[in-house]
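Undergrad: One structure, as C-alpha cells, below. Some questions next.
The values are calculated or read from the model by the stated rules, or taken from the named source; none is laboratory data. Note that the coordinates shown come from a computational prediction; the quantities given were computed from them, not determined experimentally. We place every Cβ from the backbone using ideal geometry, glycine too, and count neighbours over all the protein chains shown.
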Amino acid sequence: MKQFEALTRKNDHQAVRYLVVDDSVFARKSLAKMIESFGGQVVGEAGDGCTAITEYARSKPDIVLMDITMPQMEGIEAVERIVHEHPDARIVMVSSVGYQDNILAALQKGARHFVQKPVKPDALYEIIRYVLNDDGVTAPVGAGGEKSR
Amino acid sequence: MRMDLIQPFIGSLDAVLAEMMKAPARIVDLTMEPEGYRRKGAAASVVFRGQIEGRVVLDMDPGAAAQVASFLTGGEVNPNEPMIPETVCELANMVIGNAVTQLNDRGFQFKVFPPEILTQEQCEAAGQDSEATILCFETPNGNVHLNISMQYHARRSRERSSVTVS
C-alpha cells in the first residue's frame, strides 16, 4: 500500500489517534491499513453506534471514521450523540450509501465530511488532512501527501 | 422487473469490480428465476424496504473474492481463508450502497439494512410473486453472480406524492 506523509499532532508530534466504527470487521481492517499508511494509530474500534459512543468517551480520539448503516444504532444517530457530549468531535462519515439526504443529515448532526465506499486512500487522506488542519490539530503537509523516496 | 431499477446495480458492480480487480468484468449470462436461489460460492445478501422492496444477493467464486480481499487488505489472501465471506459482505455493501444512492437520488425512497453472510446452500425466494434476475459476471479470477429480486410499490409512491401536494 502507498505510504503517505505522516500526519502528526502539532502539539506533541505524536501520531493522530483514530476511532474506526463499522459493523464489518473486514472494513475496519481495511481502514486500519489505510490509517497505518497515513502514520496514524487506531485507538479504538466499534461495530455499532452504541459502542462507538462509549469507545469515544474512553479513547478520546483525534478523529472518528464512522459508517452509516449499522445494527442497533446507525451512524447518524451516533454522530448526534457524540457531538452532543463532545462538541469538538471530528467525525468523517465513511459509507457506501451516499445519497444526498443521508449526507445532509450527517452534516446537520455534526459530521465534518463524507467519503463514499469503496474508499480511495488518496481521497481519505486528503479529507482527514483537511479536517485536522482546519482545527489546527496537525501541521500542514505538502499537497498530495505521498512520501518522497 | 423494471430494468431501470436493475441497471444501477449492474453499473455499480461493474465499477466496483473494475476498481478492486483492476481487470474488466463482462456479463456472460442472464437468467430469470421464480424459485429460490442456490448459492454457488461465498455470498452475502442485503435487504431493502420502502417504495422498492426486495433483496440482492452477491455470490462470488472464492478466487474472485480472494482477489478483492487482496486489494482491500493490501496483502496476499488465499481463497480458503475465513475472511472470504466477510469480504463478500463488504463488497455487497459497497455495490448495493452505490446503486441505492443512485436510485435514491432519482427520487425512490427506501431503507437499506446491513448485509448478512449467506451460510445456507439454498435461499428461499424473496417474496410472493417476486421473480429474481440473476446476472453472471465473468472476471479473470472467477465468476460473480448478482441475484436481484425486488418489487416497486407504485401505490406507496402515489401516496407519498399526494401527501406532498396537499
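Undergrad: Read through the list (1) within 14 Å of chain B (Cβ to nearest Cβ); (2) farther than 21 Å from A:I53 by Cβ; (3) at pLDDT below 90; (4) surrounded by 15 or more Cβ atoms within 10 Å (Cβ to Cβ), then give the number of the only condition that A:D101 fails.
TA: (4)
Undergrad: Ok, one more. Examine the range B:55-68 for a residue that is at pLDDT below 90 and not β-branched (V, I, T), and state whether such a residue exists. Full working, then the answer.
TA: First, pick out the residues of the range B:55-68 that are at pLDDT below 90: none.
No, the range B:55-68 contains no residue that is at pLDDT below 90 and not β-branched (V, I, T).
Undergrad: Can you pull out every residue in the range B:82-93 that is within 7 Å of chain A (Cβ to nearest Cβ), over 9 Å from the mean Cα position of the chain (by Cα) and touching a residue at least 24 places away in the same chain (Cβ under 8 Å)? Steps first, please.
TA: Initially, the range B:82-93 is screened for residues within 7 Å of chain A (Cβ to nearest Cβ), giving B:83, B:86-87, B:89-90, B:93.
Filter once more, so that each one left must be over 9 Å from the mean Cα position of the chain (by Cα): B:83, B:86-87, B:89-90.
The answer is B:E86, B:T87, B:C89, B:E90.
Undergrad: Considering each residue of the range B:59-70, count those that are within 12 Å of chain A (Cβ to nearest Cβ), within 10 Å of B:L91 (Cβ to Cβ) and either surrounded by fewer than 20 Cβ atoms within 10 Å (Cβ to Cβ) or in contact with a strand residue (DSSP E or B) (Cβ under 7 Å, 6 or more places away or on another chain) (or both), and give that number.
TA: Residues of the range B:59-70 that are within 12 Å of chain A (Cβ to nearest Cβ), as a first pass: B:65, B:68-70.
Those still in the list that are within 10 Å of B:L91 (Cβ to Cβ) too: B:65, B:68-69.
From what's left, either surrounded by fewer than 20 Cβ atoms within 10 Å (Cβ to Cβ) or in contact with a strand residue (DSSP E or B) (Cβ under 7 Å, 6 or more places away or on another chain) (or both): B:65.
Residues in the range B:59-70 being within 12 Å of chain A (Cβ to nearest Cβ), within 10 Å of B:L91 (Cβ to Cβ) and either surrounded by fewer than 20 Cβ atoms within 10 Å (Cβ to Cβ) or in contact with a strand residue (DSSP E or B) (Cβ under 7 Å, 6 or more places away or on another chain) (or both): 1 in total.
Undergrad: Let me ask another. Taking the range B:140-160, which residues are over 25 Å from A:G98 (Cβ atoms) and either at pLDDT below 90 or out of contact with any Cys (no Cβ under 6 Å at 6 or more places or on another chain) (or both)?
TA: Result: B:P140, B:N141, B:G142, B:A154, B:R155, B:R158, B:E159.
Undergrad: In addition: Suppose we filter the range A:28-70 for residues that are more than 19 Å from A:L124 (Cα to Cα), under 14 Å from the mean Cα position of the chain (by Cα) and acidic (D, E); how many remain?
TA: Within the range A:28-70, residues that are more than 19 Å from A:L124 (Cα to Cα), under 14 Å from the mean Cα position of the chain (by Cα) and acidic (D, E) number 1.
Undergrad: Here's something else I'd like to know. Among what's in the range B:107-139 and is within 14 Å of the chain's Cα centre (by Cα) and in a loop (DSSP other than H, G, I, E, B), pick the residue that is modelled with the lowest pLDDT.
TA: Looking only at the range B:107-139, we keep the residues that are within 14 Å of the chain's Cα centre (by Cα), and these are B:112-118, B:126, B:132-137.
From what is left, the residues that are in a loop (DSSP other than H, G, I, E, B) are B:113-115, B:126.
On the way: B:F113: 89, B:P114: 88, B:P115: 91, B:A126: 59.
For the range B:107-139, the residue satisfying everything is B:A126.
Undergrad: Among the residues of the range B:40-47, are any within 17 Å of A:S95 (Cβ to Cβ) and crowded, with 20+ Cβ neighbours inside 10 Å?
TA: Within the range B:40-47, one or more residues are within 17 Å of A:S95 (Cβ to Cβ) and crowded, with 20+ Cβ neighbours inside 10 Å.
Undergrad: Give the residue that is farthest from the other protein chains (Cβ to nearest Cβ), with candidates limited to residues of the range A:107-125 that are buried (at least 18 other Cβ atoms within 10 Å of the Cβ) and among the basic types (K, R).
TA: Checked the range A:107-125; the qualifying residue farthest from the other protein chains (Cβ to nearest Cβ) is A:R112.
Undergrad: Filter the range A:1-32 for residues that are surrounded by fewer than 17 Cβ atoms within 10 Å (Cβ to Cβ) and within 12 Å of another protein chain (Cβ to nearest Cβ) and give the result.
TA: Listed by number, the residues that qualify are A:M1, A:K2, A:Q3, A:V25.
Results for (1) modelled with pLDDT of 95 or more; (2) within 29 Å of B:E116 (Cα to Cα), shown as yes or no for each residue.
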{"position": "A:T54", "(1), (2)": "yes, yes"}
{"position": "A:I63", "(1), (2)": "yes, yes"}
{"position": "A:R81", "(1), (2)": "yes, yes"}
{"position": "A:P87", "(1), (2)": "yes, no"}
{"position": "A:F114", "(1), (2)": "yes, yes"}
{"position": "A:V119", "(1), (2)": "no, yes"}
{"position": "A:I128", "(1), (2)": "yes, no"}
{"position": "A:V137", "(1), (2)": "no, no"}
{"position": "A:V141", "(1), (2)": "no, no"}
